[in-house]
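One structure below.
The values are calculated or read from the model by the stated rules, or taken from the named source; none is laboratory data. Keep in mind the model is a prediction, meaning the values are calculated, not measured. When we count neighbours, we look across all protein chains shown, and the Cβ atoms used for this are built from the backbone with ideal geometry, even at glycine. Heavy atoms of the whole protein, side chains included, go into the accessibility calculation; ligands, DNA and RNA do not. Shrake-Rupley method; radii C 1.70, N 1.55, O 1.52, S 1.80 Å.
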Amino acid sequence: MSEIKYNKFPFIEVKGEFPVYTSWQQIANQLMSHLSSKKDEKKVLAVEYYQGVLEEDTTFALYQHLQPVLLIDAREMMWEENKIRAMTYQDVTDDRIFGYLTRLNIDAYFDPDKVRRVVTQIDEVSEGLVLIVGAGAAFVYPAFDLLVYADMARWETQLRMRRHEVDNLGVRNRFVEDWMLLYKQGFFVDWRILDRWKKKLMKRWDYVLDTNNRHEPKLVAGAGVLAGLDQAVTRPFSVVPFFDPGPWGGQWMKKYCNLDTEADNYAWCFNCVPEENSLLLKFGKVMIEIPSINLVFHQPRKLLGDPVHARFGDEFPIRFDFLDTIEGGNLSLQVHPLTEYIQEKFGMHYTQDESYYMMHAVPGAKVYLGLKDGVDKDAMIRNLEMAQEGDTLFDADQFVGIWPAKTHDHFLIPAGTIHCSGTGGMVLEISATPYIFTFKMWDWGRLGMDGKPRPINIGHAKNVIQWNRTETWTNKFLINQIEPIDQGDGWKEERTGLHEREFIETRRHWFSKKVTVKANDSVHVICLVEGEEMLVESPANAFEPFEVHYAETFIVPAAAGDYTMTPCGRSKGKECATMLAFVRKNA
């Protein structure tokens, strides 16, 4: 392959005039100019913070440049920490990894007496600027004159958690030794509460504040952000991929995704996980970064299509990511929960069915999948528990099916199936979205990136392993279930999965000429798995041509309609291949 064109920073260029203010002084000037049109002497500015915003730094900058007569921190209106910890314990639990998706809302965090007192205090101000900041600022004083929403990319929040720079909602706990506890509480509690609150506020945003780069704050009109989201659902687009190292990470992505060659490894690329990824909106020459889940919240029906929206609501059910073990190690031996188990134990209404599509495999690559024929269930669990105690190493080859893997193989992994990729594979993982619910059983005796053993969950795993999924069953139902669907001049379409228990359908297109893909009122997620570049176009001229490069993942919203894919540039006249995932209508 010649020059690598992988785009690490895809963006949506927003049409319309929406100026961006790019320093604290410019931001303050614009906010005061906006408020100056209000006739009353007193003006109330609410600045909502999403979890992950550097609260002290942001509040100090706003106070310094706005000089309010009264500053209110919404955190001071919340219940005492002990009460918040007690209130959230049932969802946070004592587990390092797992909790329960909370049913709490933002109002549960606030002491009504404290709120009443601060409302009285604000009402007594006769002139000047009142500044209310923090998560729940607009809840504390809903009669604000101007609302600024300080949003935060989920991955940047996680990086700040690792550096112990941010707290969980309502508690001061950033210096907890194990940063994974911050992430867990964010995932199960904070983000659920703040996302519910965000959805109520989105149409009221006067401005959006981007502080993902702490040194370069940016402010843009909320109408501009919503316009960008409205435009996104009419065309193909990509979210911003995020690359992360891991104890088993490989070297393939360094070359093919234009990454830092000096890094030890890259294990993951999260290239279509809208709850985690960011979306870049370009206004003129300036980029604004927001969580891509905002698009799902704002335009779920146009993005997902009516049938998918009817089932999943404002959740994006399809996930694509990369797992790189080339010159790396085996993934942890793992299993995902059955639907009824994830519903009962964690409050999720669907589980993580998935598959491994081999983007590339070196000679000797393998996948662990299913169990050996005649496996001794009790002996396997006993051996896993002994390995967990450090008494011995677990001999996975004795109990787990091992399959040779080559480029373009597709391994299906319905929940309850033991699996992991072995070394030597570049995996495109296609799965349902609940990605955190992985029960690790064996991690090959190694430590995590933090120098600590990664959590092992044999207790959960043994409750969901499907012991009938042995080599005979696995070979018949889970490996390369390729079925021709259609063909034409210069193209063919194949069904490659997923298993009948899984709601995701995958199709592979091979094409050296233009091929048309029907939208069928469903969102599509696609990755170019063969060929250097292609062009995605609308037969109805509904959107501008969209160029895609090798290994890039992109989303075609249901509202964008049918589209075509054609090899272009260095791939013109050559064969390309894509992997497409969508939700089955009869699932």
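The rows are residues; the columns are (1) outside any loop (DSSP other than H, G, I, E, B); (2) over 24 Å from W444 (Cβ atoms); (3) open to solvent by 10 Å² or more (accessible area, probe 1.4 Å).
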residue: E344; (1), (2), (3): yes, yes, yes
residue: T351; (1), (2), (3): no, yes, no
residue: Y357; (1), (2), (3): yes, no, no
residue: V367; (1), (2), (3): yes, no, no
residue: G370; (1), (2), (3): yes, no, no
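In this structure, does V53 turn out to be within 30 Å of E276 (Cα to Cα), touching a residue at least 40 places away in the same chain (Cβ under 8 Å), of a type in the set (A, V, I, L, M) and surrounded by 15 or more Cβ atoms within 10 Å (Cβ to Cβ)? In short, yes.
Between V176, V125, which is open to solvent by less than 40 Å² (accessible area, probe 1.4 Å) and either over 30 Å from K39 (Cα atoms) or among the hydrophobic types (A, V, I, L, M, F, W, C) (or both)? Residue meeting the stated conditions: V125. Tallying residues that are touching an Asp or Glu at 6+ places or on another chain (Cβ under 9 Å) and either outside any loop (DSSP other than H, G, I, E, B) or closer than 24 Å to K198 by Cα (or both) within the stretch 105-129 yields 4. Residues of the stretch 25-35 that are in contact (Cβ under 8 Å) with a residue 40 or more places away in the chain and either β-branched (V, I, T) or open to solvent by 50 Å² or more (accessible area, probe 1.4 Å) (or both): Q25, Q26, I27, M32, H34. Filtering the stretch 19-37 to residues that are among the small types (G, A, S) and closer than 14 Å to P217 by Cα leaves S23, A28. Residues of the stretch 467-488 include none that is open to solvent by 20 Å² or more (accessible area, probe 1.4 Å), part of a loop (DSSP other than H, G, I, E, B) and of a type in the set (D, E, K, R). Residues that are part of a loop (DSSP other than H, G, I, E, B), in contact with a helix residue (DSSP H, G or I) (Cβ under 6 Å, 6 or more places away or on another chain) and exposed (fewer than 14 other Cβ atoms within 10 Å of the Cβ) are absent from the stretch 524-539. Note on the stretch 109-144: residues that are over 14 Å from G186 (Cα atoms) and in contact (Cβ under 8 Å) with a residue 60 or more places away in the chain amount to 20.
Restricting the stretch 3-24 to residues that are open to solvent by 60 Å² or more (accessible area, probe 1.4 Å) and at pLDDT below 95, the residue that is nearest to N258 (Cα to Cα) is K5.
Restricting G401, G416 to those that are more than 21 Å from A581 (Cβ to Cβ) and among the small types (G, A, S) reduces the list to G401. Scanning the stretch 363-376 for residues that are touching a helix residue (DSSP H, G or I) at 6+ places or on another chain (Cβ under 9 Å) and either basic (K, R) or touching a residue at least 40 places away in the same chain (Cβ under 8 Å) (or both) yields Y368, L369, G370, L371, K372, D373, V375. For the stretch 88-104, residues that are open to solvent by 60 Å² or more (accessible area, probe 1.4 Å) and part of a helix (DSSP H, G or I) total 2. Entry remark, the stretch 169-182: residues being under 19 Å from the mean Cα position of the chain (by Cα) and under 20 Å from R75 (Cα atoms) number 1 in total.
None of D91, D57 is closer than 17 Å to I193 by Cα and under 34 Å from the mean Cα position of the chain (by Cα) except D91. From the list E500, E494, the lone residue that is in a strand (DSSP E or B) and acidic (D, E) is E494. For the stretch 203-226, the candidate set comprises residues that are part of a helix (DSSP H, G or I) and open to solvent by less than 10 Å² (accessible area, probe 1.4 Å); within that set, the residue that is farthest from F98 (Cα to Cα) is G224. Here are some conditions: (1) β-branched (V, I, T); (2) modelled with pLDDT of 95 or more; (3) over 30 Å from the mean Cα position of the chain (by Cα). V367 meets all but one. Which one does it not meet? Here V367 meets the rest and fails (3).
With respect to (1) touching a strand residue (DSSP E or B) at 6+ places or on another chain (Cβ under 6 Å); (2) within 30 Å of L384 (Cα to Cα); (3) open to solvent by 50 Å² or more (accessible area, probe 1.4 Å); (4) not β-branched (V, I, T), the lone exception for W491 is condition (2).
Exactly one residue among I456, I430 is crowded, with 19+ Cβ neighbours inside 10 Å, touching a residue at least 40 places away in the same chain (Cβ under 8 Å), of a type in the set (A, V, I, L, M, F, W, C) and outside any strand (DSSP E or B), and that residue is I456. Checking the structure you have, find out if any residue of the stretch 150-166 is more than 26 Å from Q30 (Cα to Cα), open to solvent by less than 20 Å² (accessible area, probe 1.4 Å), touching a Lys or Arg at 6+ places or on another chain (Cβ under 6 Å) and not polar (S, T, N, Q). Yes: one or more hits. For the criterion of being surrounded by 19 or more Cβ atoms within 10 Å (Cβ to Cβ), within 23 Å of the chain's Cα centre (by Cα) and under 27 Å from T407 (Cα atoms), H509 fails. Scoring I84 on the criteria (1) more than 23 Å from P217 (Cα to Cα); (2) open to solvent by 30 Å² or more (accessible area, probe 1.4 Å) leaves a single failure, condition (2).
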